[in-house]
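Worksheet: one structure, shown below.
Each value in this text was obtained by applying a stated rule to the coordinates, not by laboratory testing. These numbers come from a predicted model, not from an experiment. No Cβ is skipped: glycine too gets one built from the backbone with ideal geometry, and neighbour counts run over all protein chains shown.
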Ligand code: UT7
C-alpha cells in the first residue's frame, strides 16, 4: 500500500536512529493527592494520565537531551561526531541562552556543527522535523539531530490542580540524514497558528501582557484548560484533516497516528473527528503525562521497543499547543 504513496513535498531526509530518556523519579496520582485537592479517579477519567517522570533538582533539559542521545548511540551504534546541525525543540531550556542545542554540541564534542533551540511549545518536535527536512534538502547539511525535550516540572505550579496533574519531563531524539539516492521519507507537512489565542496557554517571561491580555508574570504555566480543550478538538482536528487532504490521503492510508499526548480525551476526540482508530494511535500520556515537545518521540519509541512499528509504514505526527500553534508531518518510518 505505502509503496504507491507519493510525496507532495520535496524531501531527501531519512530517520536513521531514535533514542529517548525519562528521569527516574515518578510522580503518581496518589502523590498529587497529597499536594492538591484531586484524586486518581478524576485524573484518570479526565486525562488518562497515571504517572509522570520528574527531573531531579540538579537535572535540567540539557541533561535529559544528553541521556536521550546516549541512548540512541548505544542502540543504533551511530556516529555523532559528523552531525552538522542540532535542533532542540523545548519550552524549558536550562537558560534562554546558551541554547540547549549548544550544550548538546559541547557534551558530545561535535566539532563542525550548527545549533539552535526551537520554541513552538507542544508543536515543537513536529516543527523541528519540518525544519530539519528543509536543512537537509538545502544541501548545506547532511546529518541533523532533532531533539524534543522538556523539564516542565520546573515551571509547573504545584498549587494549581488544573495544571499540575498534567505535566511531566522527558526527551526524545531522532537522527535525520540525507539519503544517498535522493529519495526522502517526509511525505507532507502542514502548520497553522492562532496567536490571538496565545493568552489561553502561556508561561510568562519579560512582558506582563500577551497582546491586549494582562497575564500572571510568575514564570509558571498558566492554562485556560477548557478553552484549550475546545480549540484542540475543533481546530486541531481540522488541521489534521487539512494535512491529510493536502497529501491526498485518508486515515485508512496511514498506519500510525501520533498526536501530541495532551490528554487522552483529546486524543479520543481527534480520532473520532479524523477517522483514525485508537488501535492506529500511539500515545505516551498514560505513563509520562503531557511532556510537550517530548511527547511524540516518547510515544514512537514505546512502539519501536514493543516492535509495533514496521519499516516503510506511514505515520502522521501532529503537535499542537502553546501559541496556539499546530505542526504536522506525514513521514515514512525508515528504521
Ligand atoms: O499540551 C498543551 C495543550 N493543553 C491541553 O491540551 C490541555 C487541554 N485541557 C485539558 O486537558 C482539560 O481541560 C483539563 C484536564 C485541564 C481539565 O479537564 P476538564 O474536563 O476540562 O475540567 P474543567 O476545567 O471543565 O473542570 C471541571 C471541574 C471543575 O470543578 P467545577 O467548577 O465543575 O466544580 C474544576 O474545578 O473539575 C475541577 N477540577 C478538578 N477536580 C479534581 C479541575 N482540576 C481538577 C483536579 N482534580 N485536578
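Just the number, please: percent antiparallel of the DSSP beta bridges in segment 13-178, rounded to the nearest 5. List each step's numbers first, then the result.
Numbers: 20 of 30 bridges.
Here the share of antiparallel DSSP bridges comes out near 65 percent.
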Percentage relative contact order, segment 13-178, counting C-alpha pairs under 8 Å, at least six apart: 34
Nitroxide proxy distance, nm - points 7 Å out along Cα→Cβ at residue 58 and residue 212: 5.0
Most to least packed among 327-334, 239-246 [average Cβ atoms within 10 Å]: 327-334, 239-246
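Given R₀ = 25 Å, FRET efficiency for residue 246-residue 16 by Cβ-Cβ distance, to 0.05? Don't skip to the end; give the middle numbers.
Values: r = 26 Å, r/R0 = 1.06.
The formula returns an efficiency of 0.40 here.
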Label-to-label distance, nm, for residues given as residue 158 and residue 196 (7 Å Cα→Cβ offset): 3.9
Inter-label distance for residue 35 and residue 50, nm, one decimal - labels placed 7 Å from Cα along Cα-to-Cβ: 2.0
Segment 215-288-segment 85-131 distance, computed between alpha-carbon centres (Å): 24
For segment 186-332, the Rg and Dmax computed from alpha carbons only, in angstrom: 15.9, 49
Segment residue 226-residue 116, extension gain: residue separation times 0.36 nm, minus the distance between their alpha carbons: 36.3 nm
Distance-filtered residues of segment 131-174 - backbone nitrogen under 18 Å, label point 7 angstrom along residue 183 Cα→Cβ: 137
Scattering curve values for the chain, log₁₀ I(q)/I(0), Debye with Cα scatterers, q = 0.08, 0.13, 0.15 Å⁻¹: -0.33, -0.93, -1.26
Cα-based convex hull volume of segment 13-178 per residue, rounded to whole Å³: 115
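Report the relative contact order of the chain, percent, no decimals, based on alpha-carbon pairs under 8 angstrom and at least 6 residues apart.
Working: 804 pairs, mean separation 84.2, N = 335.
About 25 percent, as a whole number.
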Label-reachable residues, segment 29-61, where backbone N falls under 14 Å from a point 7 Å from residue 286's Cα toward its Cβ: 44-45, 47-52
